[in-house]
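Notes for the one structure printed next.
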Amino acid sequence: MKDLIFATAHELAAAISERRASAVEVLDAHLAHITRHNPALNAIVTLNEEGARVRAKEADAAVARGEMWGPLHGVPVTIKDSFATAGLRTTSGYPPLADYIPAADATVVARLRAAGAIILGKTNLPLLVHGFQTDNPIFGRSNNPWNLGRTPGGSTGGGAAALAAGLSPLEVGSDYGGSVRIPAHYCGLYSLKPTECRIPLTGHIPELPGKPRSVRHVATPGPLARSVQDLTVALQVMAGPDPGQPEISPVPLVPVPEQLWPALRVAWGDDFGGLPVTRETQAALHGLVAELDRCGCTVEQRLPDGFDFPGIWETYGELRQCEIGSALSSELEAECAANFGVSATSVDPEMRGMAKRLNATLRQYTETLTKRDAYIAAVEQFFQAWDVFLCPVTVGPAFPHCRPGTPIAVDDRQVPYRLGGTGYTSPFNLTGHPVVVLPLARSTEGLPIGVQVVGRRWDEMKLLAIAEQLDTIVGPFRRPPGY
């Protein structure tokens, strides 16, 4: 096999099983690439070289005996540093956990190991996963391989940079408000935010070890990859009920055998509550919509009825504050003061309410969940008439590194920092709908532009099948120059 570095995970698995490449060869190629490129990217912050070598040799010995561990046999993968990895440092960018070595794997990590994956290392993230730039007091800032002066996004920013630069063929992240989708968009990748409660978060930090589990809504693990097929494989490996999170649904992943093209019903929108996008982002989405129309799909610019975006953003913020802020308020405030020399609110305005103890009453919490229920119902009703909904991922391509809270430029306009990052992604965390991000275009500066493809709750397999067909128009993955 010629290109071990930029092969997809499923291609590597096939090559290893067919003895066209060995797990050791694949690992060695990636380790050499990491040595060359990671210093500039600061994407992988803990490298599991010794453990990965042992496991790669075991994988090759198993192949020689005619044994296969699973669909990722011998494939190196990286894990966001918020997921517990047994025997391997897990920090979530939080200084009190700088030397924390868990005794047990997070559920998704255990499932990846069982599927034959080799844990290559842990990737960088913002402090306790809060933010859509990647920087923390332990490891510092990660850079975008398309332009080192730009952010790779967050909170799975280190993983996206590693994947786009060929340091890893598959990354496991988590998504609270766009954290697998924004980095995929900024780095020219594919990602999946599955339906809420499809994949367990057991063993995920920001809920600190030994503390009560407060995050019950909006958050989910999700893969980043260089193909839709890899997203499908990763979903099948990681999904399913878990004793540590009893609300995870046993809804099966049902294959979609029929050809969905061209009888596809596609709704789209590029204006969420007046939040602007760059002209190039708009043009890229309009070009995709026009191509779908030429292919015979039913296409219409349409938003769900009752989708009041200011209300959605407010409800999303209320829910995050109730669940995450109440659990982490004192820890965030203390760490921001100690490590940044300022309050948490001034580090990131989104931490307002998370950096202070909240006095949310049960009534306030249930009122927020009731508003959320109405938005979920509106989107589910919308999908009675449409197969997928297309929209931007953010207001534009990756922006230059900046202090959190700095307004984001959208052509000749400025938009508030938080909405500039998560205004187009957080609505689907609130409603829990699955979303695939596909690489769509490049800006005149050569930066990737992605698109969100949103589907009905619990219908990931149909969504992925549609995404694979859309990918024949917009794909495939393109490596950044110099890698």
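Some values worked out for this structure:
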read-out: Trypsin sites (Lys or Arg not before Pro) restricted to the stretch 182-257 and DSSP loop, no more than 13 other C-beta within 10 Å; value: 213
read-out: Taking 394, 46 and counting other C-beta atoms within 10 Å, the order from fewest to most; value: 46, 394
read-out: For the stretch 398-436 versus the stretch 110-178, the gap between their alpha-carbon centres in whole angstrom; value: 18
read-out: Aspartates and glutamates with Cα under 18 Å of residue 2, excluding same-chain neighbours fewer than 8 positions away; value: 11, 18, 25, 28
read-out: Scaled radius of gyration (Cα, divided by 2.2 N^0.38 Å) that the stretch 175-237 gives; value: 1.19
read-out: Charge tally in the Cβ shell below 11 Å around residue 72, where Lys, Arg are +1 and Asp, Glu are -1, residue 72 excluded; value: +1
read-out: Ellipticity estimate at 222 nm from DSSP helix runs (n ≥ 4, -39,500 (n - 2.57)) divided over the chain, nearest 500; value: -11000 deg cm²/dmol
read-out: Residue-count net charge about residue 463 - beta-carbon cut-off 13 Å; Lys, Arg +1, Asp, Glu -1; value: 0
read-out: Reachable aspartates and glutamates, given that their alpha-carbon falls under 19 Å from the alpha-carbon of residue 371 and they are not under 8 places away in the same chain; value: 196, 305, 308, 314, 318, 323, 380
read-out: Distant-in-sequence amide H partners of residue 88 (H built 1.01 Å from N, under 5 Å); value: none
read-out: 3J(HN,Hα) from dihedral phi, the stretch 190-207, Karplus parametrisation 6.51/-1.76/1.60, rounded to Hz, x for glycine, proline; value: 9, 8, 10, 9, x, 4, 3, 6, 8, 10, x, 9, 3, x, 9, 10, x, 5
read-out: Residues 139, 6, sorted so that the one with the fewest Cβ neighbours within 10 Å comes first; value: 6, 139
read-out: Karplus 3J(HN,Hα) series, Hz, for the stretch 262-274 with 6.51 cos²θ - 1.76 cosθ + 1.60 (x for Gly, Pro); value: x, 7, 7, 9, 10, 9, 8, x, 9, 9, 9, x, x
read-out: Of 57/211; 211/462; 57/462; 80/462, pairs whose Cα-Cα distance is over 32 Å; value: 57/211; 211/462; 57/462
read-out: Sites matching trypsin sites (Lys or Arg not before Pro) across the stretch 39-90 that sit in DSSP coil, with at most 13 neighbouring C-beta atoms within 10 Å; value: 65
read-out: Karplus 3J(HN,Hα) series, Hz, for the stretch 401-411 with 6.51 cos²θ - 1.76 cosθ + 1.60 (x for Gly, Pro); value: 3, 7, 5, x, x, 5, x, 9, 6, 10, 6
read-out: Proximal charge balance of residue 447 [Cβ under 13 Å; K/R count +1, D/E count -1]; value: +1
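Where a number appears in this text, it was derived from the coordinates with a stated rule and is not lab data. Owing to the predicted nature of the structure, the values given are computational and were not obtained by experimental measurement. Neighbour counts are summed over all protein chains in view; Cβ atoms, including those assigned to glycine, are modelled from backbone coordinates with ideal geometry.
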